[in-house]
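Encoded as structure tokens, the structure appears first; notes follow it.
The values are calculated or read from the model by the stated rules, or taken from the named source; none is laboratory data. Quantities reported herein were computed from a predicted structural model and do not represent experimental measurements. Backbone-built Cβ (ideal geometry, glycine too); neighbour counts: all protein chains shown.
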Amino acid sequence: MGLIYTNELVGEILGAAERAYEYTLEGYSGIQKFTRQDIARSPTCRVVSVALGLELSEKGIPVKPDSRQGVRIDEHRYLTLQTNLGELVIDPTWKQFTPIGPIHPNFSDVAIATREEMIYMAERAGISEVDRRFWAPKGMFEEPDNRPVYEKIAAAIDAGIV
């Protein structure tokens, strides 16, 4: 079943995300200039997700890293958590896929939603169908096949095709 979804749990996730954003800003300070407002819309999913995962793990919240291949980018990383509502997506950089320009203020920087809710929220935020695939339940969309050739060969060997 997993953890019980409560407002307290959401608060813990949001607080941990703020610390993860701050760590990311500190880490990028000598490399690239980000502000706190920029970081949730930046392509830093790997770094922010790892920092958030560490923060949540220290609080005893058993998140797991997850990622999906994309069409326009190789991969997008985020976290998942099993709760009484099912699997939740926790994505601190989901806004990087929103259209350029202002985003409705009701959309949190951190997405905390079931996969189905995430797809709905992403659609409402103007994220393209191609990019909504990152959070979709397996089988909802046809998976992009942009893996390097060696991965395709390895998969064929594992499947006993070759």
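Things worth noting here:
- Options 68, 36, 41, 19; residue that is touching a Ser or Thr at 6+ places or on another chain (Cβ under 9 Å) and of a type in the set (Lys, Arg): 41
- Restricting 131, 66, 109 to residues that are among the acidic types (Asp, Glu) and part of a loop (DSSP other than H, G, I, E, B) narrows the list to 109.
- Restricting the range 68-81 to residues that are under 9 Å from residue 49 (Cβ atoms) and free of Cβ contacts under 8 Å to residues at least 40 places away in the same chain, the residue that is surrounded by the fewest Cβ atoms within 10 Å (Cβ to Cβ): 77
- For the range 1-59, a residue qualifies if it is of a type in the set (A, V, I, L, M, F, W, C), assigned to a loop (DSSP other than H, G, I, E, B) and modelled with pLDDT under 85, and the qualifying residues are 1, 31, 34, 40.
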